[in-house]
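Asker: So that we are looking at the same thing, I have put the structure below in structure tokens.
Laboratory data are not the source of any read-out in this text; all were calculated from the coordinates shown. The structure presented is a predicted model; accordingly, all values stated were derived computationally and were not measured. All Cβ positions, glycine included, derive from the backbone under ideal geometry; neighbour counts span all protein chains shown.
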């Protein structure tokens, strides 16, 4: 009897390792990529194809499930097993896959409309249950495939074809939502930050349980520049690193502190002293602080937003718990005999 | 001295308050009946409210048992005997009792207050309004309390044993031994000797009361029914359905995955399968109906047999995913335990009005095989057949049951699972295309596509809802390809007709001019009505369809052999419409939508009229 070597990271513990090292090319399908020129999805796909070989797992044990939307074309471009499913339903389908098979790395690719509007219910329940799946939520704050309607993450007042007088909806903050849904791993990253994207996605797939990664993704056609406010050294991008003081701005001159009124606020590190800058703790069992950090995100035009891993805690994954209750006789004849006993039951009579 | 009268069949209905234990009493009596060798059929009837106010008509729970010395098919239209534990039970059920039937009532409960609660101005037990029935009213409560007095129970607990007192009396009336029930009590209440002893005393006292009182002039005896030799058990439709799915998975060598959201009357399938996890069954109680079918489809994609169970409203929610399963060509069994609709309708009442939804309720050309169960025990065979077709043809299959089958029970000759056909999932394990490529939409001789599960090296592929190129499964908007794929999917499902038995009319003399065509749970009423009609020296043929899509390949030819085709359904003529459209046959709908099975007596009488009309033409 041989023992399958285990991959690093508990999320992939039961996924068999590749015998020979794989390359980016191994994760590239023969399908022509058909996103618009300049779409942020290209960068995420390239990053994904770059990080997958690094995980060391067999590519045939990778499954990507998507819903409907521009980003949901993703599975076609990766040479793994994949399913381009129904609008909003990918987390539910992925739940069935993850429950059925512990030897698969299961990714869900979704967008802001797919995950947060039509599929909101499945997303929160997959996170609540802590199914061992990794959700890449491409957030471009717009409906792209249907040509430019406001989405559940669009800022209020958004001018689109379906909101010519300005949208009146209040947007979701996906990170806040995920934390409220009891997700055990919640992170945010940006399509154009390749190293950060790689680091966060690798941590997410290595996490055992449900992981949600919000990816700020530019739509050059219908919402171009939505995240430009986060570019440049003066930007309000707030990197979160476990165990480190939360600093941002030019030369890290700004830090997040707890103000006199109890709320979190930015302050000049020189003025408040480094010892008073909040140290990020992604492993806190209580999601309260992570939630507070998630609220530092602008709801209108985004000029300031934390990125990185907000929360990464250990909690038994749903599919592991479910599998632990299920067993079956390995020998088919034995299985049939046991089933024969069940259907016969205790109360019989013979004619 | 009591006479013993021999009967060929009896219908008894036990009725009382939800808390009176009528279901338990009924199921125990059923067991004694089974042991006595009678054929039987049962139907419980619960209030929709979980705990309706005590003593109200809304809170009446009943259990009907039909047993006979011949092969019976229904729980009976109208009870011959009504056991009424209170005025509400009498009020709710008296309309169904046959004229001249027997009423056994607990007079202790017929107080002025209880009578007023259900609108009786005077006591029907004494005011003469029940003169056309045999009324046996006595102080059942008081006699029960007296019988268990020395066991030291409080009054409330003592009264709670009166259902077993009634059971003892009925056992005496129908010449049944009580030993089985005493053993049952000893086992069930092993941890509570006081309750065990009180119920035991109540059963014995009820039996003794029958023997000693002069209230009852007659006892009845029903001879055993001739049935094929074998080992039997009592089984409900939902349990048989769950076991059939398990057998299908086992004979396919696949784990079974059930995704479900609680819904009446299908939830028991979820409960039953959730209690069989040591047999390779995973159950997932989903956040909604859509997730339930989605997870089941995901499990099928991953190589298991995905199943979802629901009722009409849930079917509506699942239809988009069933359409995806048609496109993906993966096995999936979708069970619809139908109930009266539309919308919430009457959740605890039966109907078979989801046929057209099952056949056509999807967008696009989305053919799905549809199978229906005919009786509670038949749910096993129908579920096995659904699994066989789903796995063999890599297709979603809709299995129709209904509330009448789900909760009804009958004897079931336990099959030897090893004799059931083995089912081949035909997993792809190696490349099937040029240059070592894998073509996920290459097909076998049955047009089933290649099914490669994740983890199979070299066969990585993507599936999805977008139209597939024939063979490669790549996205295709090519007009000719779309037409080819639409026709291929249709041909695959149509081809199943060559893999199912031909339609065969039951026409004992071969001289019938009228054919009755049924599907689903009308099987029992149709068979029972045909029996009556034939006993009245008339000829009638019957034909029952298990496969609603595709229909048996010879069906049109069989229909055309008869001068008149009658289609009884608990809907407004859905199968009749399909038969007319498919075969240009003048099939006539016989339609009843009362939330109840079609009445055997009513249908038999109407059928005789139809036959007589036809014979005079």
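Asker: How long is the gain from residue B:487 to residue B:49 if the chain were fully straight, where each residue apart is worth 0.36 nm and the alpha carbon distance is subtracted?
Answerer: 152.9 nm
Asker: Add -39500 (n - 2.57) for each DSSP H run of 4 or more in chain B, then divide by its residues: what number comes out at 222 nm, to the nearest 500 deg cm²/dmol?
Answerer: Calculated mean residue ellipticity at 222 nm is -11000 deg cm²/dmol.
Asker: How big is the shadow of the Cα convex hull of the protein assembly as shown, averaged over all directions, in nm²?
Answerer: On the way: hull surface 193.7 nm².
Average projection, Cα convex hull of the protein assembly as shown: 48.4 nm².
Asker: Taking only Cα atoms, what is the 0 to 90° angle, nearest 10, from helix A:120-129's long axis to the longest principal axis of chain A?
Answerer: The helix A:120-129 is inclined about 70 degrees to chain A.
Asker: Return the FRET efficiency for the residue pair residue B:509, residue A:321: r is the Cβ-Cβ distance, R0 is 51 Å, and the value is rounded to the nearest 0.05.
Answerer: On the way: r = 62 Å, r/R0 = 1.21.
After rounding to 0.05, the efficiency reads 0.25.
Asker: For region B:400-456, what is the Kirkwood hydrodynamic radius in Å, using each pair of distinct C-alpha atoms?
Answerer: About 15.5 Å, per the Kirkwood formula over Cα pairs.
Asker: May I have the extent of the alpha carbons of region A:238-351 along their three principal axes, as whole Å values ordered from largest to smallest?
Answerer: 92, 27, 25
Asker: What are the semi-axes of the equivalent ellipsoid of region A:15-62, taken as the square roots of 5 times the eigenvalues of the Cα gyration tensor, listed largest first and rounded to whole Å?
Answerer: Semi-axes, largest first: 24, 10, 8 Å.
Asker: Could I ask something else about it? Quick check: pseudo-label points 7 Å beyond the Cα along Cα→Cβ at residue A:263 and residue A:23, how many nm apart are they?
Answerer: Going by the 7 Å Cα→Cβ label model, 5.4 nm.
Asker: Could you grab the relative contact order for chain B? Cα pairs under 8 Å, six or more apart, rounded to a whole percent.
Answerer: 11 percent.
Asker: Could you work out how far the C-alpha centroid of region B:432-450 sits from that of region B:578-617, in angstrom?
Answerer: Centre-to-centre (Cα) distance: 47 Å.
Asker: Next question. How big is chain B on each of its three principal axes, counting only the C-alpha atoms and giving the largest first in Å?
Answerer: Per principal axis, max minus min of the Cα coordinates gives 90, 66, 46 Å.
Asker: Follow-up question, since we're still on this one. Please sort B:577-587, A:35-45, B:69-79, A:341-351 by packing, taking for each peptide the average over its residues of neighbouring beta carbons within 10 angstrom, highest first.
Answerer: The peptides rank, most packed first, as B:69-79, A:35-45, B:577-587, A:341-351.
Asker: While we're looking at this one, here's another question. Can I get the semi-axes of region B:1-109's equivalent ellipsoid? Compute them from the C-alpha gyration tensor as square roots of 5 times the eigenvalues, in angstrom, largest first.
Answerer: Each semi-axis is √(5λ); the values are 24, 16, 12 Å.
Asker: When every alpha-carbon pair in region B:434-498 is counted, what percent end up more than 15 Å apart? Intermediate results must be reported in sequence, preceding the final value.
Answerer: Working: 1154 of 2080 pairs.
For region B:434-498, the fraction of Cα-Cα distances above 15 Å is 55 percent.
Asker: How many angstrom lie between the Cα centre of region A:270-321 and the Cα centre of region B:211-280?
Answerer: Using only Cα atoms to place each centre, the spacing works out to 53 Å.
Asker: What whole number of Å gives the distance from the Cα centroid of region B:72-123 to the Cα centroid of region A:28-50?
Answerer: 73
Asker: Would you kindly calculate the mean projected area, averaged across all directions, of the convex hull enclosing the Cα atoms of region B:233-419, in square nanometres?
Answerer: Approximately 9.2 nm², given one-decimal rounding.
Asker: Hey, another quick one. How high is the relative contact order of region B:173-315, in percent, with contacts defined as C-alpha pairs under 8 Å that are six or more residues apart?
Answerer: It rounds to 21 percent for region B:173-315.
Asker: In units of 2.2 N^0.38 Å, what is the alpha-carbon radius of gyration of region B:336-438?
Answerer: 1.40
Asker: Next question, about the same structure. Please give the FRET efficiency for residue A:146 paired with residue B:363, using the beta carbon to beta carbon distance and R0 = 22 Å, rounded to the nearest 0.05.
Answerer: 0.80
Asker: Multiply the residue separation of residue A:331 and residue A:30 by 0.36 nm, subtract the distance between their alpha-carbon atoms, and state the gained length in nm to one decimal.
Answerer: Details: separation 301, 0.36 × 301 = 108.36 nm, distance 4.02 nm.
Extending this stretch completely gives an extra 104.3 nm.
Asker: Another question, if that's okay. Based on the Cα coordinates of region B:514-615, what is the per residue volume of their convex hull in Å³?
Answerer: Roughly 89 Å³ of hull volume per residue.
Asker: In addition: So if R0 is 35 Å, what FRET efficiency would residue A:342 and residue B:221 give, r being the distance between their Cβ atoms, rounded to the nearest 0.05?
Answerer: The calculated FRET efficiency here is 0.50.
Asker: Right, another one. Distances longer than 18 Å among the Cα atoms of region A:95-230: what percent of all pairs is that?
Answerer: More than 18 Å apart: 55 percent of the Cα pairs in region A:95-230.
Asker: Label-point separation (nm) for residue A:103 and residue A:283, each offset 7 Å from Cα along Cα-to-Cβ?
Answerer: Rounded to a tenth, the inter-label distance reads 3.2 nm.
Asker: In nm, to one decimal, how far is the residue B:112 label point from the residue A:351 one, both placed 7 Å along Cα→Cβ?
Answerer: The modelled label-to-label distance comes out at 5.4 nm.
Asker: Give the span of region B:3-222's Cα atoms along each principal axis, as three whole-Å numbers ordered largest to smallest.
Answerer: 44, 43, 38
Asker: Continuing with the same structure: Using only Cα atoms, tell me the angle between helix A:194-206 and the longest principal axis of chain A; keep it within 0 to 90° and round to the nearest 10.
Answerer: Tilt of helix A:194-206: around 30 degrees.
Asker: Direction-averaged shadow area of the convex hull around the Cα atoms of chain A, nm²?
Answerer: Over every viewing direction, the Cα hull of chain A projects on average to 24.4 nm².
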